[in-house]
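Quick notes on the structure that follows.
A short reminder: the numbers here are calculations on the coordinates, not readings from a lab. All of these numbers come straight from a predicted model, not from anything done at the bench. Cβ placement follows ideal geometry from the backbone for every residue including glycine, while neighbour counts extend to all protein chains displayed.
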Amino acid sequence: MMDSLEILKGNNHIDCSNKLLDLIRSEINKSENYSLGLSGGSTPKFFYELFAEKYKDYSNIYLWTVDERHVNIDDEKSNQRMINSIFSNSNLNIIEYSYEEDPGHSAKSYTNNVFKKVDKFNAAILGVGKDGHIASLFPDTTALNAEEKGFVQNEVNILTKWRVTCTFELLKDIEQVYLLVTGENKREIIEKIGKENDLPVNELIRIRKKTVLLTDQ
């Protein structure tokens, strides 16, 4: 097991989500401004709902999107659409991804938008796919080798042909990265996290000083 990986066990998904809220609460209390990277998918939705209720009146919290499917925001596959549906009725600052026809242009625009508003990357929440991908950094895709500190396009051909994703160079420098991985269907990949293999999640753990895994497995 990699020394830079800290594992926190919860009884179930709700318990893990509440543990994550406690960890982030302590960080927010120490920060004048706080930035949090959000992932898509169903796993983090309960945590987002907890977070939105507790911090809805905070205008010093900036939310950015870790990765996005290359679709319009009104598409049901859009991560930004899901994030907006939970946080739009709060005072939280949503740094919104905007769709452009060229995914490369979308990536550059979002890089500029995020870096214009975020001075320090405090935290990000990531899921882990059954294939070991994090954000939209899938095995055997070109974005794994991106040298930019920001967002790049990535051809994945999963649900959508293109994704826009933050790079390892950006994820490396975030103060706290939390992997929220719960459910019986993630048992097999949990056993591979923190081991010596070439999965994207383990490349992330290797290049960071510390990564926290919250799981009920």
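Cα centroids of segment 92-166 and segment 1-80: how far apart, whole angstrom?
16 Å
Amide H to amide H under 5 Å from residue 39: which residues, 5+ apart in sequence or cross-chain, H placed 1.01 Å off N in plane?
Under 5 Å from the amide H of residue 39 lie the amide H atoms of 66, 125, each far enough along the sequence or on another chain.
Taking amide H positions as placed 1.01 Å from N in the peptide plane, with prolines and chain starts having none, which residues 5 or more places from residue 179, or on another chain, fall under 5 Å of its amide H?
126, 212, 213, 214
By how many nm would the segment from residue 149 to residue 75 lengthen if fully extended, with 0.36 nm per residue of separation less the alpha-carbon distance?
23.9 nm
How large is the helix-only mean residue ellipticity at 222 nm for the chain, computed as the sum of -39500 (n - 2.57) over DSSP H runs with n ≥ 4, divided by its residue count, in deg cm²/dmol to the nearest 500?
Theoretical 222 nm ellipticity from helices: -9500 deg cm²/dmol.
Return the long-range amide H neighbours of residue 135 (sequence gap of 5 or more, or a different chain), with a cut-off of under 5 Å between placed amide H atoms.
For residue 135, the qualifying residues are 127.
So what are the ³J(HN,Hα) numbers for segment 128-141, from phi and the Karplus equation (6.51, -1.76, 1.60; θ = phi - 60°), rounded to whole Hz, Gly and Pro as x?
Rounded to whole hertz, the list is 10, x, 4, 8, x, 6, 10, 6, 10, 9, 8, x, 6, 10.
³J(HN,Hα) across segment 84-96 via Karplus (A = 6.51, B = -1.76, C = 1.60, θ = phi - 60°), whole Hz, x for Gly/Pro?
Taking θ as phi minus 60°, the curve returns 4, 4, 8, 9, 5, 8, 10, 8, 5, 8, 8, 8, 7 Hz for segment 84-96.
Put a dot 7 Å past each Cα toward the Cβ at residue 60 and residue 117; how far apart are the dots in nm?
Reported label-point gap for residue 117 and residue 60 is 1.8 nm.
Need the full-extension length gain, residue 175 to residue 188, defined as separation in residues times 0.36 nm minus the C-alpha distance. One decimal, nm.
In short, 1.9 nm is gained.
Which aspartates and glutamates have a Cα less than 20 Å from the Cα of residue 19, not counting those fewer than 8 places away in the same chain?
6, 27, 49, 53, 175, 184, 216
For segment 1-111, what is the Kirkwood estimate of the hydrodynamic radius, computed as the reciprocal of the mean inverse distance between distinct Cα atoms, to one decimal in Å? Could the numbers behind the result be given before it?
Working: mean 1/r = 0.0650 Å⁻¹.
Answer for segment 1-111: a Kirkwood hydrodynamic radius of 15.4 Å.
What percentages make up the Cα-Cα pair-distance distribution of the chain when the bins are 10 Å wide from 0?
8, 36, 40, 15, 0
Need the list of aspartates and glutamates near residue 172 for cross-linking: C-alpha distance under 15 angstrom, and skip anything on the same chain fewer than eight residues off.
147, 148, 203
Under the definition of Cα pairs under 8 Å and six or more residues apart, what whole-number percent is the relative contact order of the chain?
Computed value for the chain: 27 percent relative contact order.
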